[in-house]
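The values are calculated or read from the model by the stated rules, or taken from the named source; none is laboratory data. Since we're looking at a predicted model, the values are computed, not measured. Here the Cβ positions follow ideal geometry from the backbone for every residue, glycine too, while neighbour counts run over all protein chains shown. We work out accessible area using only protein heavy atoms, side chains counted, and drop any ligands, DNA or RNA first. Shrake-Rupley method; radii C 1.70, N 1.55, O 1.52, S 1.80 Å.
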Amino acid sequence: MNLILLGAPGAGKGTQAEKICEKLSIPAISTGNMLREAMANGTEMGLKAKSFIDAGKLVPDEVVIGIIRERLQAADCKNGFILDGFPRTIPQAEALDEMGVRIDRVIDIEVSNEKIAARLSGRRVCLKCGATYHVEYKAPKTEGVCDACGDTLVQRKDDMPETVLDRLKTYHEQTEPLKDYYAAKGILRVVEGQEAVADTTARTMQALED
């Protein structure tokens, strides 16, 4: 089964991608990881991407699409895949169609802006060991101190309220129109994100069957 996961930053797409991987034994392909792999492997498109990143520029669509094409030809994709983070725009979705890539189902994880802002702005991370906490849902034993290594916890710039709101605005402007694009093809399924991850997962798995 070839899948696309949609959802705003902080909606929990990554967790759902992992659960689907386990159930269907197919790879989850995130744009960020894919770019890093292509650059590390020195592929033609990976080297092109590196030239833009080294120059401090955004990697253009044609290069990202080329890397997607390379990745989908890998042996582990023969029984299906999950695209997480691509496409982000209508032109990218159209390019995917032009490549002849068949998409069986698009799952959209819906969570309100208010809940996402609360989730992300409450997150704290340890830069030393990578442990993640949340001021409300997973607080450390001592405020501001990592349980695992004792280093100071910080709030990443991406998780600051103003940054979160900017990221959500970009998502709603550029990526949310994909819902209508795929709904018109009859392959969109909307999953309402729940407080408990397990409940969201149950709804996601049902959406794969519907």
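Computed values, structure above
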{"quantity": "Of all residues making up segment 1-42, the number that are open to solvent by 40 Å² or more (accessible area, probe 1.4 Å), part of a loop (DSSP other than H, G, I, E, B) and either out of contact with any Lys or Arg (no Cβ under 7 Å at 6 or more places or on another chain) or free of Cβ contacts under 8 Å to residues at least 60 places away in the same chain (or both)", "calculated": "1"}
{"quantity": "In segment 179-200, the residues that are at pLDDT 95 or above and in contact with a helix residue (DSSP H, G or I) (Cβ under 6 Å, 6 or more places away or on another chain)", "calculated": "TYR181, LEU188, ARG189, VAL191"}
{"quantity": "Positions within segment 43-58 being more than 14 Å from THR31 (Cβ to Cβ), among the aliphatic types (A, V, I, L, M) and buried (at least 17 other Cβ atoms within 10 Å of the Cβ), in sequence order", "calculated": "none"}
{"quantity": "Unique match (being among the β-branched types (Val, Ile, Thr), in contact with a Lys or Arg (Cβ under 8 Å, 6 or more places away or on another chain) and modelled with pLDDT under 95) among VAL135, VAL101", "calculated": "VAL135"}
{"quantity": "Any hit, segment 126-137, residues being of a type in the set (Gly, Ala, Ser), without any contact (Cβ under 8 Å) to a residue 24 or more places away in the chain and assigned to a helix (DSSP H, G or I)", "calculated": "no"}
{"quantity": "Within segment 104-125, considering residues that are more than 17 Å from the chain's Cα centre (by Cα) and aliphatic (A, V, I, L, M), the one farthest from VAL191 (Cα to Cα)", "calculated": "VAL125"}
{"quantity": "Number of the condition not met by GLU209 [criteria: (1) over 19 Å from the mean Cα position of the chain (by Cα); (2) among the charged types (D, E, K, R); (3) more than 24 Å from ASN2 (Cβ to Cβ); (4) loosely packed, with under 14 Cβ neighbours inside 10 Å]", "calculated": "(3)"}
{"quantity": "Residue match in segment 167-178 (condition: open to solvent by less than 80 Å² (accessible area, probe 1.4 Å), part of a strand (DSSP E or B) and over 16 Å from GLY12 (Cβ atoms))", "calculated": "no"}
{"quantity": "LYS115 out of contact with any Cys (no Cβ under 6 Å at 6 or more places or on another chain) and farther than 25 Å from LYS19 by Cα", "calculated": "no"}
{"quantity": "Residue among ALA118, ALA148, ALA202, ALA198 that is open to solvent by 20 Å² or more (accessible area, probe 1.4 Å) and not in a helix (DSSP H, G or I)", "calculated": "ALA148"}
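Listed here are the residues, each with its yes/no results for (1) more than 19 Å from MET1 (Cβ to Cβ); (2) among the charged types (D, E, K, R); (3) buried (at least 19 other Cβ atoms within 10 Å of the Cβ).
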| position | (1), (2), (3) |
| --- | --- |
| PRO60 | yes, no, no |
| GLU70 | yes, yes, no |
| ASP76 | no, yes, no |
| ALA93 | no, no, yes |
| ILE109 | no, no, yes |
